[in-house]
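Enquirer: Please see the structure below; I have some questions.
The values are calculated or read from the model by the stated rules, or taken from the named source; none is laboratory data. A quick note: this is a predicted structure, and the numbers were derived from the prediction, not measured. Positions of Cβ are generated from backbone atoms using ideal geometry, with glycine treated the same way; all protein chains shown enter the neighbour counts. These accessible areas exclude ligands, DNA and RNA; they are computed on the full protein's heavy atoms, side chains included. Shrake-Rupley method; radii C 1.70, N 1.55, O 1.52, S 1.80 Å.
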Amino acid sequence: QEELVESGGGLVQAGGSLRLSCAASGDFTRYAITWFRQAPEKEREFVAAVSWNGGSKYYADSVKGRFTISRDNAENTVYLQMNSLKPDDTAVYYCAADTRGSGYPTMESKFDYWGRGAQVTVSP
């Protein structure tokens, strides 16, 4: 049974750091992995993506320079290191596997697998 499970969320003060993990059961090493987030009463938005081999990485402008995505295929895990967190980063964070594209959302993307989400709350 293939699934993705996020962990590492929590409550942190502004300026702090958290590291999210996206652990895969099943073989996801051939898929790009993307992080999305959704804040209350807002639409889901792209955060970051990493190609299947880690060679290409993509970031939303709002997190560029603060967040770093990485993956360890030996551990079947993708990480999102979040530094200099802001209250606007408060959201539920989801990881998803793009079984057809690069991970950056385009018309070619096909996000077939999703985790259940991890809450990140940043206090002022």
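Enquirer: Can you give the accessible area of residue 50 in Å² (nearest 10), computed on protein heavy atoms with a 1.4 Å probe?
Expert: 0 Å²
Enquirer: Further, regarding this structure: Could you give me the ³J(HN,Hα) list for segment 102-112, computed from phi with Karplus coefficients 6.51, -1.76, 1.60 and θ = phi - 60°, whole Hz, x at Gly and Pro?
Expert: Once θ is set to phi - 60°, the couplings for segment 102-112 become 7, x, 6, x, 9, 5, 7, 5, 9, 8, 7 Hz.
Enquirer: Rounded to the nearest 0.05, what FRET efficiency do residue 1 and residue 119 give with R0 = 30 Å and r taken as the Cβ-Cβ distance? Could you check? The partial results should precede the final answer.
Expert: Values: r = 24 Å, r/R0 = 0.81.
Here the calculated transfer efficiency is 0.80.
Enquirer: Can you give the accessible area of residue 99 in Å² (nearest 10), computed on protein heavy atoms with a 1.4 Å probe?
Expert: Rounded to the nearest 10, the figure is 40 Å².
Enquirer: Ignoring ligands, DNA and RNA, what accessible area per residue does segment 71-124 give at 1.4 Å, in Å²?
Expert: Roughly 52 Å² per residue, with all protein chains present.
Enquirer: Using a 1.4 Å probe, how large is the accessible area of residue 72, given in Å² and rounded to the nearest 10?
Expert: Only protein atoms counted, so the area is about 60 Å².
Enquirer: In whole percent, what relative contact order does segment 52-124 give with Cα contacts below 8 Å and a gap of six or more residues?
Expert: Contact order relative to length: 26 percent.
Enquirer: For segment 16-51, which GluC sites (Glu not before Pro) are both in a DSSP coil and crowded by at most 15 other Cβ atoms within 10 Å?
Expert: Filter output for segment 16-51: 41, 43.
Enquirer: If you roll a 1.4 Å probe over segment 8-78 with all protein chains in place, what percent of the accessible area is carbon or sulfur?
Expert: Details: 1640 of 3720 Å².
Taking all protein chains in place, segment 8-78 shows 44 percent carbon and sulfur surface.
Enquirer: Can I ask one more? Suppose the chain between residue 108 and residue 39 were pulled fully straight at 0.36 nm per residue; how much longer would it get relative to their current alpha carbon spacing?
Expert: Net length gain for the segment: 22.3 nm.
Enquirer: May I ask you to list the aspartates and glutamates whose Cα is less than 17 Å away from that of residue 110, ignoring any residue fewer than eight positions away on the same chain?
Expert: Leaving aside aspartates and glutamates fewer than 8 places away in the same chain, those within reach of residue 110 are 2, 3, 27, 45, 98.
Enquirer: Pull up the DSSP beta bridges for the chain and report the antiparallel fraction as a percent, rounded to 5.
Expert: Around 90 percent of the beta bridges assigned by DSSP in the chain are antiparallel ones.
Enquirer: Quick check for you: which residues of segment 1-37 have the amide N under 17 Å from the point 7 Å beyond the Cα of residue 83 toward its beta carbon?
Expert: Of the residues in segment 1-37, 13-20 have backbone N under 17 Å from the label point off residue 83.
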